[in-house]
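Asker: I have a structure here, written as structure tokens, and I will follow up with some questions on it.
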Amino acid sequence: AAPKLNHLSFARGVGRCGPMWAPHSHVAVPVGVPAGVPLCTSCPRTPAGSSQRAREGRLRRSESRAAAAALLSASATVLRRDRRLKSSRLRCRASSLGAVYNAAEVEEFFGQRPFLVLGRLLKVLTGVSKCAFLAFSKDAESERRLACRVRELFTELGPTYIKLGQALSVRPDVLPEAFLHEFREFQDSVTPFDNEEAVKLVLRELNCSQLSELFSDFSAQPVAAASLGQVYKARLKNGQSVAVKVQRPNLAENVALDLVLARQVAKSLVYFEEFLPGGQGNDLVGFVDAFGQRLFEELDYEMEVKNAQRFRELYGDQEKLKVPTMYPSLATGKVIVMEWIDGVKLTDTNAIRGLGLEPLDYISVGIECAMRQLLEHGFFHADPHPGNFFVTGKGELCVLDFGMMSEMPKEARLAVIQHIVHVVNRDYAGMAQDYNHLGFISEEIDLRPMVPKIQAYFEPRMSTKAAAVSFKTIIDGLEEVIFK
């Protein structure tokens with residue numbers, strides 16, 4: 001208990017505890033405290049020695065708490081650093097998959113993050129469920145609404161699904177017109193990603209602190225956006241107008257995650273393959289891996305530059321064909337700088353006529369280039385949707401986007417030429433042999449029972465004129481006869 005005071009008059013003084021109150025000689029001290037003992041400022045009723053011990057105790061406790069806080073802070077710093085290093089290693093590992101797709105590595109990568117996979121799966125299933133109820137209606141308006149909703153869903157789900165929609169946008173043999181109309185937006189009208197983030201990526205990839213170090217002008221907003229990147233218009237220091245193509249951030253990781261889910265779905269469907277179109281023998285996992293391999297190759301922008309240069313060397317001499325010039329010194333795995341091309345879309349016939357040009361002339365240019373790719377050199381553009389073709393004011397057909405390319409070996413090219421001859425001559429036994437040479441049918445299969453089926457399919461569809469033979473008829477014949 002606090003001692004009782006006899007008097008309330010004290011004189012100010014200084015003691016071991018700092019400023020304190022000390023009693024005058026004529027002043028009585030608190031009861032129980034010897035005369036002359038200084039009193040602590042913090043508690044005038046307590047002797048200074050006792051207060052000193054209390055202060056020292058508080059100081060020790062404060063130092064202990066400070067040491068503990070410092071230890072916790074240091075531990076947190078170490079943990080954050082470890083997480084950053086681990087995240088950096090994982091990002092580097094995922095980015096290294098941009099050139100070569102390895103299904104085992106991708107599954108191992110996301111096997112360590114089950115919650116990330118589960119979250120993505122729930123997002124996909126939620127989006128699909130919103131479209132499901134529209135799929136049961138068969139009228140034209142419901143089909144249009146379903147196509148619109150699927151396009152919106154693909155846009156929400158990101159690059160992998162946008163790329164899939166882009167590929168399907170030129171497949172009238174697969175999708176009805178309502179879907180084709182909606183999916184055409186994926187060709188060059190995709191929502192762009194954050195502009196500030198794109199500029200930071202350009203600076204980092206091109207190893208500069210400001211855009212003015214390389215460009216005298218750089219557009220404030222992207223002029224076009226597609227599934228995997230977006231394009232800016234810029235001007236080099238030498239005055240040359242260029243297009244700067246910038247890849248979407250974290251693209252390899254996002255694409256890989258979708259491919260992991262697709263592989264798991266494909267593995268599950270194997271148990272129900274007898275109920276699927278085409279019956280047994282569908283290699284659904286192989287299909288996903290083939291799609292993933294092509295898609296990952298397209299993520300490597302340095303390879304795209306090499307593809308464009310090779311394409312230019314092989315086909316750049318064709319009349320009325322334009323291949324933009326690349327700038328390899330300004331190309332990295334995520335940024336491309338190429339010649340800027342002014343033009344109009346190949347599908348915009350009114351704009352082409354506005355230039356004083358005839359749209360059908362460029363169909364001939366495209367067919368000639370395609371035949372040279374498939375039959376002459378075998379190195380061909382594997383993503384020929386309308387968004388990758390422009391007609392310039394000089395009357396040239398410009399080819400863009402060389403990320404997805406493929407090559408046909410000489411044996412396959414000769415087999416294609418031979419097949420065309422067999423189709424025109426209605427040599428159905430020869431056509432069956434061609435399917436074997438092209439790898440569509442195993443060599444172990446007896447081709448003789450197929451010949452009458454091939455004849456039954458093609459005979460009513462063939463015209464007496466070779467020029468009237470439809471390429472779509474040939475492709476449909478492959479599905480009708482071989483895969484069924």
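The values are calculated or read from the model by the stated rules, or taken from the named source; none is laboratory data. Given the structure is predicted, the values throughout are model-derived calculations rather than measurements. All Cβ positions, even for glycine, are placed from backbone atoms using ideal geometry, and neighbour counts span all protein chains on display. Note: areas computed on protein heavy atoms with side chains; ligands, DNA, RNA excluded. Shrake-Rupley method; radii C 1.70, N 1.55, O 1.52, S 1.80 Å.
Asker: Please list 3J(HN,Hα) in residue order for the range 179-185, calculated via the Karplus relation 6.51 cos²θ - 1.76 cosθ + 1.60 where θ = phi - 60°; whole Hz, with x for glycine and proline.
Answerer: Result, ordered by residue: 6, 4, 4, 5, 6, 4, 5 Hz.
Asker: Now for a different question. Quick one: Karplus J couplings for the range 235-243, per residue in order, coefficients 6.51, -1.76, 1.60, θ = phi - 60°, nearest Hz, x for Gly and Pro?
Answerer: So the Karplus estimates, Gly and Pro as x, are 9, 6, 4, 7, x, 6, 6, 9, 9 Hz.
Asker: If you roll a 1.4 Å probe over the heavy atoms of the protein chains, what accessible area per residue do you get for the range 363-451, in Å²?
Answerer: That works out to 50 Å² per residue.
Asker: Would you please give the residues with an amide H less than 5 Å from that of Thr325, counting only those at least 5 places away or on a separate chain, with H modeled from the backbone geometry?
Answerer: So Thr325 has HN proximity to Glu339.
Asker: Ok, one more. Can you classify the range 355-431 as rounded, prolate or oblate using the Cα gyration tensor, where a ≥ b ≥ c are the square roots of its eigenvalues, rounded means a/c under 1.5, and otherwise it's prolate if a/b beats b/c and oblate if not? All intermediate terms of the calculation are to be shown ahead of the outcome.
Answerer: Numbers: a/c = 3.29, a/b = 1.76, b/c = 1.87.
In terms of gyration-tensor shape, oblate.
Asker: Per residue, how much accessible area does the range 124-189 show when a 1.4 Å probe rolls over the protein heavy atoms, in square angstrom? Before the final figure, lay out the partial values.
Answerer: Values: 3460 Å² over 66 residues.
Here the per-residue accessible area is 52 Å².
Asker: Take the alpha carbon atoms of the range 116-155, find their center, do the same for the range 326-367, and report the distance between the two centers in whole angstrom.
Answerer: 34 Å
Asker: The range 167-262: which trypsin sites (Lys or Arg not before Pro) are DSSP loop and have at most 14 other beta-carbon atoms within 10 angstrom?
Answerer: Lys237
Asker: Using the Karplus equation 6.51 cos²θ - 1.76 cosθ + 1.60 (θ = phi - 60°), what ³J(HN,Hα) coupling, rounded to whole Hz, does each residue of the range 298-314 give in order, writing x for Gly and Pro?
Answerer: Once θ is set to phi - 60°, the couplings for the range 298-314 become 6, 6, 8, 5, 5, 5, 4, 4, 5, 4, 5, 5, 5, 4, 5, 5, 7 Hz.
Asker: Over the range 275-381, with every protein chain in place, what whole percent of the accessible area is carbon and sulfur at 1.4 Å, could you tell me?
Answerer: Carbon plus sulfur share of accessible area: 54 percent.
Asker: Where Lys and Arg each count +1 and Asp and Glu each count -1, what net charge lies around Ser169 among other residues with Cβ under 13 Å from its Cβ?
Answerer: Neighbourhood net charge equals -2.
Asker: Show the residues, 5+ positions off or on another chain, whose built amide H is closer than 5 Å to the amide H of Phe402.
Answerer: For Phe402, whose amide H was placed from the backbone, there are no distant partners under 5 Å.
Asker: Also, I was wondering about something else. Once R0 is set to 41 Å, what does the formula 1/(1 + (r/R0)^6) return for the Cβ-Cβ distance between Ala220 and Ala370, expressed as a FRET efficiency to the nearest 0.05? List each step's numbers first, then the result.
Answerer: On the way: r = 38 Å, r/R0 = 0.92.
The formula returns an efficiency of 0.65 here.
Asker: Based on DSSP, what percent of beta bridges with both residues in the range 296-425 are antiparallel, to the nearest 5?
Answerer: Details: 10 of 12 bridges.
Antiparallel bridges make up about 85 percent of those DSSP assigns within the range 296-425.
Asker: Taking a temperature of 10 °C and a viscosity of 1.306 mPa s, what whole-number D in µm²/s does Stokes-Einstein yield for the range 121-262 with Rh from Kirkwood over alpha carbon pairs?
Answerer: Reported coefficient: 93 µm²/s.
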